[in-house]
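These notes concern the structure reproduced below.
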Amino acid sequence: MATNLTHFLIAIGDNPQQLLEYEQNPQAAMTLAGLTPAEQSMILNRDVQAIRSHLLSDPGLKQAMGIPANQSLPATIPMIVFLPRP
C-alpha cells in the first residue's frame, strides 16, 4: 500500500477539486490527507529531491499509479508538480 504522501500527490495531480482545495488551504488539505509535518514541509519547500526520493522508495508506488508489478516505472514521475506557494 502506498504512503499518504504518494496518494496525496497522485490525487492532486488527477483530481482538480483536490488541487483546488490544496490551493485554497494547503495546510488543511495536507493535514486531512494525513501527511506528517516533514512531508508537508517537503511540499511547501518544493523539495523535489526529497519528494522524488520518497516516491521512489515507496513500495506501493506502482500500484498507486496503476502500473503492473512486472513493468518498470516511467523515466519521469508526472505527478510531481510545482504547486503554487501558499
Could you order peptides 68-76, 3-11 by the average number of other Cβ atoms within 10 Å of their residues, highest first? 3-11, 68-76
Given labels modelled 7 Å from the Cα in the Cβ direction, how far is it in nm from Ala50 to Lys62? 2.8 nm
Where is the GNM fluctuation largest for the chain (alpha-carbon springs, 10 angstrom cutoff): Ile43, Ile12, Ile67? Ile67
With Rg and the Kirkwood Rh both taken from Cα atoms, where does Rg over Rh land for the chain? 0.95
The chain - mean residue ellipticity at 222 nm from DSSP helices (-39,500 (n - 2.57) per run, n ≥ 4, rounded to 500): -16000 deg cm²/dmol
Expressed as a whole-number percentage, the relative contact order of the chain with C-alpha contacts under 8 angstrom and at least six residues apart is 43 percent
Given points 7 Å out from each Cα along the Cα-Cβ axis, report the Asn25 to Ala69 separation in nanometres with one decimal. 4.0 nm
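No lab work stands behind these numbers, since they all come straight from the coordinates. Bear in mind that the values here come from a model prediction, so they are computed numbers and not experimental data. FYI the Cβ positions are ideal-geometry reconstructions off the backbone, even for glycines, and counts take in every protein chain you see.
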